[in-house]
1. Before we move on, is Leu193 free of Cβ contacts under 8 Å to residues at least 24 places away in the same chain and surrounded by fewer than 24 Cβ atoms within 10 Å (Cβ to Cβ)?
2. Restricting attention to the stretch 151-174, does a residue exist that is of a type in the set (S, T, N, Q) and in contact with an Asp or Glu (Cβ under 8 Å, 6 or more places away or on another chain)?
3. Which members of the stretch 51-67 meet the condition of being under 17 Å from Leu35 (Cα atoms) and either among the hydrophobic types (A, V, I, L, M, F, W, C) or not assigned by TED's automatic domain parsing to the domain that holds Glu29 (or both)?
4. Between a first residue in the stretch 22-48 that is in the same structural domain as Ile64 (by TED's automatic domain parsing) and exposed (fewer than 14 other Cβ atoms within 10 Å of the Cβ) and a second residue that is in a helix (DSSP H, G or I) and not basic (Lys, Arg), which pairs have beta carbons less than 8 Å apart while being 6 or more apart in sequence or on different chains?
5. Does the stretch 117-140 hold any residues that are touching a residue at least 40 places away in the same chain (Cβ under 8 Å), more than 15 Å from Tyr162 (Cβ to Cβ) and not β-branched (Val, Ile, Thr), and which are they?
6. Just the residues that are over 13 Å from the mean Cα position of the chain (by Cα) and not charged (D, E, K, R), please, taken from the stretch 94-114.
7. Which of the residues that make up the stretch 1-43 are basic (Lys, Arg) and at pLDDT 95 or above?
8. Among the candidates Leu13, Leu9, Leu37, Leu46, which residue alone is closer than 21 Å to Glu191 by Cβ and out of contact with any strand residue (DSSP E or B) (no Cβ under 8 Å at 6 or more places or on another chain)?
Amino acid sequence: MIKTFLFDLDGTLIQTTEIIIDTFKITFEKFFPQLKLSESEYSNLLGQTLWKTFEFYADETTNIDEVVQYYRMLSNQKIEEGLHAYPGAVEMLQYLKKKGCKVGVVTSKMRKIATYHLELTGLLPYIDHIIGYEDVNLHKPSPEPILKALTEMNARAKTTVYVGDHENDIIAAKKAGVFACAVTYSARLEEMLSYQPEYVIDELENIKDFI
């Protein structure tokens, strides 16, 4: 029986995928106009930290902090214009809490930003713990963020599932020894399935079937 439910945030609980990709496109046009990324390459960025993403494409003249600051400014503007949880997210989290389950978010976002986005979408009251960018040294696909969540939440790997929308989520879950769950509304479904997650769900309401 699953007793602890860990979730990725962007593209899993909250509908930020389009916002993130649009923001990346505008940022790349401004700072890296010579680059022409494919849609698949843009969707792959969903599973990376901002610094890792921009450092990969930067040269010695690039001010990474400036690029990240611009990205965040633009992203925050778009988010304030309208950020929503995925359908069924609130109801699913309410159900998990009613059943006495532990619920956590493991994200590559700064914890303060993740907390704010959970608050904006009405999900924060149902989250017991958040592991953010600054809480670990290594990020997904490293298992470190999930392992830290297990430790701080006093949870056991064999009764924990991690739900995500990117192959890095599935890889990290496998390495951490927890069950991996992929959401089919992801832009990276084919890549996730290649790592054989134990669970695949079409909508968040399906999480209720894990109990």
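The values are calculated or read from the model by the stated rules, or taken from the named source; none is laboratory data. If you're wondering where the values come from, they're calculated on a predicted model, not measured in any experiment. Ideal geometry is used to build each Cβ from the backbone, glycine not excepted, and the neighbour counts take in all protein chains shown.
1. yes
2. No, every residue in the stretch 151-174 fails to be of a type in the set (S, T, N, Q) and in contact with an Asp or Glu (Cβ under 8 Å, 6 or more places away or on another chain).
3. Listed by number, the residues that qualify are Phe54, Phe56, Ala58, Ile64, Val67.
4. Short answer, once both residue conditions are applied: Lys25/Tyr42; Lys30/Tyr70; Leu35/Phe28; Leu35/Tyr57.
5. Passing the criteria: His117, Leu118, Leu120, Leu123, Tyr133.
6. Passing the criteria: Gln94, Tyr95, Leu96, Gly100, Cys101, Val103.
7. Answer for the stretch 1-43, where residues must be basic (Lys, Arg) and at pLDDT 95 or above: Lys3, Lys25, Lys30.
8. Sole residue among the options that is closer than 21 Å to Glu191 by Cβ and out of contact with any strand residue (DSSP E or B) (no Cβ under 8 Å at 6 or more places or on another chain): Leu37.
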